[in-house]
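Visitor: One structure coming up, written as structure tokens, with questions to follow.
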Amino acid sequence: MGKILVIGAGGQLGTELTKALAEKYGNNAVIASDFQDAVKQKFSYCGFETLNVMDKAALALIVETHRISQIYHLAAILSAAGEKNPLHAWDLNMVGLLNVLEVAKTYKVDKVFWPSSIAVFGPNTIHEQTPQQTFKDPNTVYGISKLAGEHWCEYYYNTYGVDVRSIRYPGLIGYKSLPGGGTTDYAVDIYHKAALSQKFTCFLKEETYLPMMYMDDAINATLQLMDAAKESLSIRTSYNISGMSFSPKEIYQSILSFYPNFEIEYQPDFRQQIADSWPNSIDDSVARKDWNWKPAYDLSSMTATIVKNLPAYFNYNTTK
Ligand code: SER
């Protein structure tokens, strides 16, 4: 097997997925890449290349030089950040993906992973137990780019045989990196505020339910999908997967049992409208059937794990 290239390795998902890939395949098998040279220090355990995915020639050179056989393309601008500069978000999210697909086709890369999102759904999508195949009317640039990207992935698979696989991630929550401009990221930030004994100001209303997932489940799902036999995959756009669904009020309550003095206030902003357009919960029966997907964490086990590990990980000098 050739090497594995992770693009956007310095981000929230990349930080943990790169480590998991290195543990699974060996440190020498993995090349992390990011447009920010400064994140190199996170990846002293594996290879590193500075790469802006908009530069197709630079990407091709890395793939050729390192004999890359798998690409995990994670670089993207998320939902809330994307609304601040829509054309730039479209450019990065689409051109980046097309560069990866073209290079994968040209250099006959064995497999590509590309994340999609619950943001492909929109205000007129069925919100409860949203099915795999359903009406989609995304109303953020991020969501529009993910929906178009899903169809490009399917196109490259059908037309050129590029084995590209994808998951529609719910909001991903971990303790090893900071929030990255997403609407679901309040649920990352809230743990930091609790650990620092600060009051949390939530940008969503207390009853806003969104599909979420603990990072370990997301990593396992990704590795499982990439390991699955090609013949077992019936979806070449992107798979629905589900972990848990909760509201700001419920995550606050789950943290309260560890930090009884923790306070929250609600000041909904433009992100409320984005959250309202997304599903409350996801039907992932196709992923369960095709590649045996099953999550391990619920809200209380996730909170217990994060509360236990986050303060030391970030060197927060706090007493509960
Ligand atoms: N977590 C992402 C966001 O909120 C959704 O994929 O933008």
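The numbers here are math on the coordinates, done by the rules we state, and not lab data. Not measured: the values here are computed from a predicted model. A quick note on method: Cβ atoms are made from the backbone with ideal geometry, for glycine too, and the neighbour counts reach across all protein chains shown.
Visitor: Among all stretches of the chain without exposed GluC sites (Glu not before Pro) (DSSP loop, at most 14 other Cβ atoms within 10 Å), which one is longest?
Guide: Values: sites that count: 128, 206, 207, 263.
That would be 1-127.
Visitor: Continuing with the same structure: With a ≥ b ≥ c the root eigenvalues of the C-alpha gyration tensor of segment 77-224, is it rounded (a/c under 1.5), prolate (a/b larger than b/c) or oblate?
Guide: Numbers: a/c = 1.86, a/b = 1.65, b/c = 1.13.
Cα axes put segment 77-224 in the prolate bin.
Visitor: Compute the Cα gyration tensor for segment 197-320, then decide on rounded, prolate or oblate, letting a ≥ b ≥ c be the square roots of its eigenvalues: rounded whenever a/c is under 1.5, prolate when a/b is larger than b/c in the other cases, and oblate in all that remain.
Guide: It is oblate, given that a/c is not under 1.5 and a/b is not larger than b/c.
Visitor: Let me ask something additional. Between the DSSP loop rule and a limit of at most 16 other Cβ atoms within 10 Å, which trypsin sites (Lys or Arg not before Pro) in segment 68-132 are left? Could you put the intermediate results ahead of the total?
Guide: Working: sites: 84, 105, 108, 111; in loops: 108.
Those that pass, being in a loop and sparsely packed, are 108.
Visitor: To check you understand DSSP bridge types, tell me what percent of the beta bridges within the chain (both residues inside) are antiparallel, rounded to 5. Mind dumping the intermediate values first?
Guide: Numbers: 3 of 34 bridges.
Bridges in the chain that DSSP calls antiparallel: roughly 10 percent.
Visitor: Under the definition of Cα pairs under 8 Å and six or more residues apart, what whole-number percent is the relative contact order of segment 51-102?
Guide: Working: 32 pairs, mean separation 24.2, N = 52.
Dividing the mean separation by the residue count of segment 51-102 yields 47 percent.
Visitor: Work out which helices of the chain, taken as complete DSSP H runs, extend at least 24 Å along their axis over the Cα atoms and score a mean Kyte-Doolittle of 0.5 or more, then list them.
Guide: Details: long enough: 86-106 (30 Å, 0.59); 141-160 (27 Å, -0.53).
Counting only whole DSSP H runs, the qualifying helices are 86-106.
Visitor: Ok, one more. What relative contact order, as a whole-number percentage, does the chain give when Cα pairs under 8 Å and 6 or more residues apart are counted? Please list the in-between numbers first.
Guide: Details: 638 pairs, mean separation 58.0, N = 320.
For the chain, the relative contact order is 18 percent.
Visitor: For a quick check of your reading of the filter: which trypsin sites (Lys or Arg not before Pro) in segment 192-267 sit in a DSSP loop and have no more than 12 other Cβ atoms within 10 Å? Each step should come with its number before you reach the end.
Guide: Numbers: sites: 193, 199, 205, 230, 236, 249; in loops: 199, 205, 236.
Within segment 192-267, the qualifying trypsin sites (Lys or Arg not before Pro) (loop, at most 12 other Cβ atoms within 10 Å) are 199.
Visitor: Going by the alpha-carbon gyration tensor, a ≥ b ≥ c the square roots of its eigenvalues, is the chain rounded (a/c under 1.5) or, if a/c is not under 1.5, prolate (a/b greater than b/c) versus oblate?
Guide: Values: a/c = 1.69, a/b = 1.35, b/c = 1.26.
Cα axes put the chain in the prolate bin.
Visitor: What net charge is computed for the residues neighbouring residue 178, neighbours being all others with C-beta under 10 Å from the C-beta of residue 178, Lys and Arg scored +1, Asp and Glu -1?
Guide: Working: positive: 176; negative: 185, 189.
Local charge sum for residue 178: -1.
Visitor: If I take R0 = 56 Å and measure r between the Cβ atoms of residue 312 and residue 126 in this structure, what FRET efficiency does the formula 1/(1 + (r/R0)^6) give, to the nearest 0.05?
Guide: On the way: r = 42 Å, r/R0 = 0.75.
In this case the efficiency is close to 0.85.
Visitor: For the pair residue 105 and residue 154, how long in nm is the line joining their label points, each one 7 Å along Cα→Cβ?
Guide: Distance between label points: 1.7 nm.
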